[in-house]
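As structure tokens, the structure follows; a few thoughts come after it.
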Amino acid sequence: MAFNQPLGGNEMPRFAGPGTFMRLPSQENAQGLDVAFVGVPVDAGTSNRPGARYGPRGVRSESVMIRPYHMASRAAPFDSLQAADLGDVPINTYNLPKTVQIIEAFYDAILAHPCKTLSIGGDHVITLPILRAHAKKYGKGTIGLVHVDAHADVNDDMFGEKVTHGTWLRRAVEEKLIDPLRTVQIGLRATGYAADDFDWSRRQGIRVVQAEECWHRSLGPLMDQVRARIGGGPVYVSFDIDGLDPSYAPGTGTPEFAGLTTIQGYEIVRGCHGLDVIGGDLVEVSPAYDASGNTAMLGANLLYEMLCVLPGVKRRD
Ligand code: MN
Ligand code: MN
């Protein structure tokens with residue numbers, strides 16, 4: 001079987017050609033796919049700087065330099081899986097509750113096929129409807145979660161609203177979309193509304209790894225622990241780009257200093273190899289605050305890293 005390939009840099013200049021993720025073929029539905037890249041252009045869930053609605057376009061635009069083979073792990077995702085770009089979810093930019101329903105229905109349709117999703121946000125609110133769709137497929141309370149973020153995203157409400165980029169994880173726990181005992185949050189830091197803000201997560205049994213625990217260290221040993229804790233069942237990976245320090249990823253809506261390094265971000269995603277990863281997302285890239293394009297480029301590379309740790313991806317000798 002011939003798998004879809006990204007359009008190569010010697011066939012069409014990197015700065016030209018299709019605007020899909022890695023210049024993969026586009027497709028209208030998930031028929032025949034093992035993995036689909038999906039853009040979710042939402043920023044109505046944000047609480048500070050806007051602009052994550054342009055995240056999918058920005059990340060795709062900066063994905064053009066990624067080549068097919070992973071030189072460290074020798075992963076060969078495009079020798080192993082049928083991948084395509086399904087375009088963007090047609091959200092309702094005037095109505096966040098409707099947008100959330102539209103996203104869930106869009107993912108229901110994809111997950112009706114034996115296809116996984118790697119999603120390009122959009123703000124972090126998108127993870128709630130994506131997890132709702134996954135919980136229908138994989139079972140309530142069965143999904144483990146690797147969540148990288150500066151923020152816990154467990155507020156009960158924001159401005160009285162229950163569904164925002166800062167509340168989605170609390171809703172996901174309450175709705176039993178995920179298994180809190182198989183959930184880890186990495187990179188949390190900075191200031192809170194109350195001194196015990198992160199303790200709501202801990203009370204649910206979630207493993208919370210604040211950024212200070214990560215300073216000056218390799219996260220390889222942490223990921224050994226994470227795999228031991230959350231292996232043995234399906235795992236979703238949700239990567240908020242603001243988990244990384246703003247010196248690496250300034251193009252985001254709610255930056256917090258003293259965060260994870262680029263290398264630590266890679267260690268986390270690469271450390272998911274061996275887990276039953278069922279999907280992932282990269283959220284909160286806001287290109288208007290990303291003068292160099294590096295935040296979007298880093299986001300694109302983190303999505304590629306997620307692709308390379310999906311089960312079934314062969315690693316060449
Ligand atoms: Mn977040
Ligand atoms: Mn965040």
### Message
Checking the condition modelled with pLDDT of 95 or more, more than 15 Å from ligand 1 (Cβ to nearest atom) and either among the basic types (Lys, Arg) or closer than 17 Å to Asp123 by Cβ (or both), which residue from Asp290, Asp281 passes?
### Response
Asp290
### Task
Under 8 Å between Cβ atoms, at least 6 apart or on separate chains: pull out the pairs that start in segment 144-158 with a residue that is over 24 Å from Pro250 (Cβ atoms) and touching a residue at least 40 places away in the same chain (Cβ under 8 Å) and end on any residue that is part of a loop (DSSP other than H, G, I, E, B) and within 11 Å of ligand 1 (Cβ to nearest atom).
Val154/Thr167
### Task
Scan segment 235-250 for residues that are under 21 Å from Thr127 (Cα atoms) and more than 13 Å from ligand 2 (Cβ to nearest atom) and jot them down.
Val235, Tyr236, Val237
### Task
Check whether at least one residue in segment 155-162 is away from ligand 2 (no atom under 16 Å from the Cβ), over 17 Å from the mean Cα position of the chain (by Cα), outside any helix (DSSP H, G or I) and among the basic types (Lys, Arg), and report yes or no.
yes
### Task
Looking only at segment 173-193, decide whether some residue is closer than 25 Å to Trp215 by Cα, assigned to a loop (DSSP other than H, G, I, E, B) and within 11 Å of ligand 1 (Cβ to nearest atom).
no
### Task
Kindly establish whether Asp123 is farther than 15 Å from Leu177 by Cα and acidic (Asp, Glu).
yes
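The values are calculated or read from the model by the stated rules, or taken from the named source; none is laboratory data. Nothing here was measured: the structure is a model prediction, and the numbers come from that model. Using ideal geometry, Cβ is built from the backbone for each residue, glycine included, and neighbour counts are taken over all protein chains shown.
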